[in-house]
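Asks: Got a structure for you, questions after.
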Amino acid sequence: MELRQTREWKIFYEGFWKNNAGFRMMLGLCSTLAVTNNLVNSFTMSLGVIFVTCSSSSMISILRPIIPPRVRMAVFMMVISTFTIVVDQVLKAFYPTVSAALGPYVGLIITNCIVMGRAEAFAISNPVFPSFLDAFGVSSGYAFSLLMIAAIRELLGFGTMFGMTVLGQWWTPWVIMILPPGAFFVLGMYIWLLRSISGEES
Amino acid sequence: MSGQFLDLFIIFFATIFINNIVLTYFLGICPFVAVSREIPTALGMGMAVIFVMFMTMAINWPLNQLVLVPFGVEYLQFLVFIFVIATFVQIVEIFIDRFSPVLYVNLGVFLPLITVNCAILGVSLLFVLREYTYPQSLAFALGSGIGWALAITAMAGIRQKLRFSHVPKGLQGPGITMIIAGIMALAFMGFAGMVNLN
């Protein structure tokens, strides 16, 4: 069977592109906007979100026979918080500067609707492997949107990519791109572009 | 004494206008986009956020200083704070359902959403990073809540007017909301010169 027709591919594709969290579903916007003024921060944040989403979805899927339905939200919160603490501690120990730059936004992975949404919508009623794949698709789609926004903002705002100078001395940085309004404008433009290309109704 | 009061007032004022929680820190953006279609609902959501934000700060600060820090388990902050917020929201929901059905109808629908509003947890995480004292934290929480309510209400007002204008097709809905938020953020940057922070 061709790769594109397998169930696994479908799960991944729907999460990554069809229901892209950042551009289409408008989920997890806090960090989409807050950490995207440079690529290094966005990349770290993306890895953090991918790790937390995949691990908590897998964990919840494993625990699903013993989670009482009435208190499932509280259990999700506990599982997600635990993995977020892991990310936070690792960053603090090995990458203190990135950790300081990200500030409270690492902790805010807990309230990122994507993680909770995947647990509730998919992991609670599916076996481990599909749950992992679904979480991976959605979170890497999210990471993709994060990096797309960060690339524009860093290039225009600093003239650099991943901290390396791309545009030379002649380039006058657009300060607005690093400031909060720039984040809103870039995301707005991306949404416009994607909706126009796919021609869907809002 | 008056100096201390002034200090609190500056924090309060600055968190509403200069460092507005939505427009500068991007906290609570999801509900900011999703529930800003009508002024009454936006206002209801805003009120609920002010109340929950202030009360959870009132609980979280002592919990952090008197329990987590003395026992050296600061790494549990995320877990404890989100647990306090979730429990508090649940208790408030039960409480107003029992004692004020009118308030429950108006506010009740927003309460479950608040647990996953990043603004609430964000405020609780920011006070730790900035090492605020108890009165400072309370002023900060109140200012943040009011700032959030102000921003979402203003956005709802603009979006109501916008219904009569011709927005390009792909930009309708979330797209134009982002652009408006960007312009609002630009306008709020104008407040920056009013108070000298630090």
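Asks: Could you pull out the residue among A:30, A:54 that is away from chain B (no Cβ under 14 Å) and either crowded, with 22+ Cβ neighbours inside 10 Å or under 30 Å from residue B:175 (Cβ atoms) (or both)? Break it down stepwise before answering.
Replies: Working: A:30 fails: away from chain B (no Cβ under 14 Å).
None of the other options fit; the residue is A:54.
Asks: Being at the interface with another protein chain (Cβ under 9 Å from one of its Cβ atoms), β-branched (Val, Ile, Thr) and surrounded by fewer than 19 Cβ atoms within 10 Å (Cβ to Cβ) is the filter here; which residues of the range A:69-83 pass it? Talk me through it step by step, then tell me what you get.
Replies: We begin by selecting, within the range A:69-83, every residue at the interface with another protein chain (Cβ under 9 Å from one of its Cβ atoms); these are A:73-74, A:77-78, A:80-82.
Next cut, β-branched (Val, Ile, Thr) only: A:80, A:82.
Correct list: A:82 only.
Asks: What helices (runs of 4 or more DSSP H), lying completely within the range B:98-198, carry at least 1 residues that are over 21 Å from residue A:187 (Cα atoms) and hydroxyl-bearing (Ser, Thr, Tyr)? Steps first, please.
Replies: Numbers: elements: B:101-107, B:111-114, B:118-130, B:134-162, B:174-189.
Answer list for the range B:98-198: B:101-107, B:118-130, B:134-162.
Asks: From the list B:98, B:37, pick out the single residue that is of a type outside the set (Val, Ile, Thr), surrounded by fewer than 21 Cβ atoms within 10 Å (Cβ to Cβ) and closer than 30 Å to residue A:24 by Cα.
Replies: On the way: B:98 fails: closer than 30 Å to residue A:24 by Cα.
Of B:98, B:37, the one residue that is of a type outside the set (Val, Ile, Thr), surrounded by fewer than 21 Cβ atoms within 10 Å (Cβ to Cβ) and closer than 30 Å to residue A:24 by Cα is B:37.
Asks: Please note which helices (runs of 4 or more DSSP H) are completely contained in the range B:1-89 and include at least 1 residues that are within 14 Å of another protein chain (Cβ to nearest Cβ). Spell out how you get there, then give the answer.
Replies: Working: elements: B:2-13, B:29-34, B:39-63.
Result: B:29-34, B:39-63.
Asks: Within the range A:159-202, count every residue that is surrounded by 13 or more Cβ atoms within 10 Å (Cβ to Cβ), hydroxyl-bearing (Ser, Thr, Tyr) and more than 7 Å from chain B (Cβ to nearest Cβ).
Replies: 2
Residue by residue, here is whether (1) more than 19 Å from residue B:38 (Cα to Cα); (2) among the hydrophobic types (A, V, I, L, M, F, W, C) holds:
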residue	(1), (2)
B:105	no, yes
B:110	no, yes
B:115	yes, no
B:119	yes, yes
B:131	yes, no
B:136	yes, no
B:140	yes, yes
B:151	no, yes
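Asks: Can you find even one residue in the range B:76-86 that is over 25 Å from residue A:184 (Cα atoms), surrounded by fewer than 19 Cβ atoms within 10 Å (Cβ to Cβ), in contact with an Asp or Glu (Cβ under 9 Å, 6 or more places away or on another chain) and of a type outside the set (Asp, Glu)?
Replies: No; the residues of the range B:76-86 include none that is over 25 Å from residue A:184 (Cα atoms), surrounded by fewer than 19 Cβ atoms within 10 Å (Cβ to Cβ), in contact with an Asp or Glu (Cβ under 9 Å, 6 or more places away or on another chain) and of a type outside the set (Asp, Glu).
Asks: If I filter the range B:102-151 down to residues being surrounded by fewer than 19 Cβ atoms within 10 Å (Cβ to Cβ) and hydroxyl-bearing (Ser, Thr, Tyr), which single residue comes out as nearest to residue B:84 (Cα to Cα)?
Replies: B:134
Asks: Something else about it: Name the residues in the range B:153-187 that are touching a residue at least 60 places away in the same chain (Cβ under 8 Å), within 14 Å of chain A (Cβ to nearest Cβ) and of a type in the set (Val, Ile, Thr), would you?
Replies: If the condition is that a residue be touching a residue at least 60 places away in the same chain (Cβ under 8 Å), within 14 Å of chain A (Cβ to nearest Cβ) and of a type in the set (Val, Ile, Thr), then B:177 is the only one that fits.
Asks: While we're on this one: Which ones in the range B:24-48 are touching a Pro at 6+ places or on another chain (Cβ under 8 Å) and either at pLDDT 85 or above or polar (S, T, N, Q) (or both)?
Replies: Residue satisfying the conditions is B:24 alone.
Asks: Separate question: Taking residue A:111 and the conditions (1) closer than 14 Å to residue A:32 by Cα; (2) within 13 Å of chain B (Cβ to nearest Cβ); (3) modelled with pLDDT of 85 or more, which numbered condition does it fall short on, given that it satisfies the others?
Replies: Of everything listed in (1) closer than 14 Å to residue A:32 by Cα; (2) within 13 Å of chain B (Cβ to nearest Cβ); (3) modelled with pLDDT of 85 or more, residue A:111 misses just condition (3).
Asks: So, one more: Which one is surrounded by the most Cβ atoms within 10 Å (Cβ to Cβ) among residues in the range B:62-74 that are under 14 Å from residue B:124 (Cα atoms) and of a type outside the set (A, V, I, L, M)?
Replies: B:64
Asks: If you go through the range A:84-105, how many residues are of a type in the set (Phe, Trp, Tyr) and within 10 Å of chain B (Cβ to nearest Cβ)? Before you say what the answer is, go through the steps one by one.
Replies: Residues of the range A:84-105 that are of a type in the set (Phe, Trp, Tyr), as a first pass: A:94-95, A:105.
If we keep only those that are within 10 Å of chain B (Cβ to nearest Cβ) as well, we get A:105.
Here the count works out to 1.
The values are calculated or read from the model by the stated rules, or taken from the named source; none is laboratory data. Here the structure is a predicted model, which is why all the values come from computation and not from measurement. Cβ coordinates were reconstructed from backbone atoms using ideal geometry, including for glycine residues, and neighbour counts include every protein chain displayed.
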